[in-house]
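The structure appears right after this line, and notes come after that.
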Amino acid sequence: MKKILLLAALGIFSFNTVQSQEIGFGIKGGLNLSNLSIKQDDVSKPDSRTSFHIGGLVEIPISGKFSIQPELLFSMQGAQEEESETYMGQTYSSKTTLKLNYINLPIMAKYYVVDGLALEVGPQFGFLMSAKGEFEASGPGIDETGTIDLKEEVKTLDMGVAFGASYELNMGVFFSARYNIGLSNINKDNDEDFDESSNVKNRVFQVSIGYMF
């Protein structure tokens, strides 16, 4: 009986050792093309904002083709809008940028179609770090800039889903493309800048490069 228990213990120890050796740690960063989905009458769709994301990840193998990959990312998101108008031969222009900074926690399920190439899908939880509105106005006799703190107007938690694909080279370098769809309305009900019925959700397309250790 003691021999059987000893062999079982050795087997469990060996399995855990192999599994721990297979767990991969990595870093990644890249480009964000972010925007907002706004469902409200008389509100035009804003333009995309170009920014970046950076962070780390852990890949936990479940089987030969399937793994779970939690990530922790700092992500700069939001949207912007530019307008230009000519009045009496004079051109007036303005630019408004909404800057939303998040700490995002995606938990991706990865399925390897072939060696190195994986499809990814999973939930994402975003925690708002800061929210600012920046504006610029220019024209004859006008040159104004300013910043407004909007953190009290945006919900702290943003939940969504992400899907995409990644490809890892033998040397550990990998590339990935992903689309994040926000499912939460990030507009607080007491927001005076929007009607209470308005629905504002994050949309982010990401292109990343990273390295697995």
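The values are calculated or read from the model by the stated rules, or taken from the named source; none is laboratory data. Note that this is a predicted model, so its numbers are computed, not measured. Here Cβ is always computed from backbone atoms with ideal geometry, including for glycine, and neighbour counts include all displayed protein chains. Quick note on the areas: whole protein, heavy atoms, side chains included, nothing else; ligands and nucleic acids left out. Shrake-Rupley method; radii C 1.70, N 1.55, O 1.52, S 1.80 Å.
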- prompt: With respect to the cross-link table entries Lys45/Lys110; Lys45/Lys155; Lys39/Lys110, which display a Cα-Cα separation exceeding 27 Å?
  reply: Lys45/Lys110; Lys39/Lys110
message: For the pair Leu31/Ile209, report the inter-label distance in nm, with labels modelled 7 Å from Cα in the Cβ direction.
response: 1.2 nm
message: Using alpha carbons only, how many angstrom separate the centre of region 63-132 from the centre of region 143-157?
response: 18 Å
field: Within the accessible area of region 24-175 (1.4 Å probe), percent carbon and sulfur
entry: 61 percent
Gain on full stretching of the segment that runs from Asp143 to Ser184 - 0.36 nm per residue minus C-alpha separation: 11.1 nm
query: Across every pair of different alpha-carbon atoms, what Kirkwood hydrodynamic radius in Å does region 26-110 reach?
result: 15.8 Å
- request: Check the straight Cα-Cα distances from Lys151 and name the lysines below 17 Å, setting aside those fewer than 8 residues away within the same chain.
  value: Lys99, Lys132, Lys188, Lys201
- prompt: What does the convex hull of the alpha-carbon atoms of region 70-127 project to on average, in nm²?
  reply: 6.6 nm²
